[in-house]
């Protein structure tokens, strides 16, 4: 079964690095349907806000993001280092 391809929208004035990290976040989670995609898109915004703006969210949301980081920290770190070193 083919996985559906979703197109993430880059918002006006959104920094390219933030957009690309959000895109990677969603790609790594591989949403199976539109509902999952929307949920991961929301989490991707929270992820950026937590990492770069030091925002805080409900424990349930932060727990999901922490789990994501535990699993994919290396992927994100390598991606960010490659983008910053260019």
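Every number here is computed from the coordinates shown, using simple stated rules; none is lab data. Quantities reported herein were computed from a predicted structural model and do not represent experimental measurements. Glycine also receives a Cβ, built like all others from the backbone with ideal geometry; neighbour counts cover every protein chain displayed.
Some observations on this one:
- Nitroxide proxy distance, nm - points 7 Å out along Cα→Cβ at residue 62 and residue 45: 2.0 nm
- CD proxy at 222 nm, helix term only [per DSSP H run n ≥ 4: -39500 (n - 2.57); per residue of the chain; nearest 500]: -24000 deg cm²/dmol
- Each residue, residue 27 and residue 55, gets one label point 7 Å from its Cα in the Cβ direction; the gap between the two is 2.3 nm.
- Rg and Dmax of region 16-84, based on Cα coordinates, read 11.6, 33 Å.
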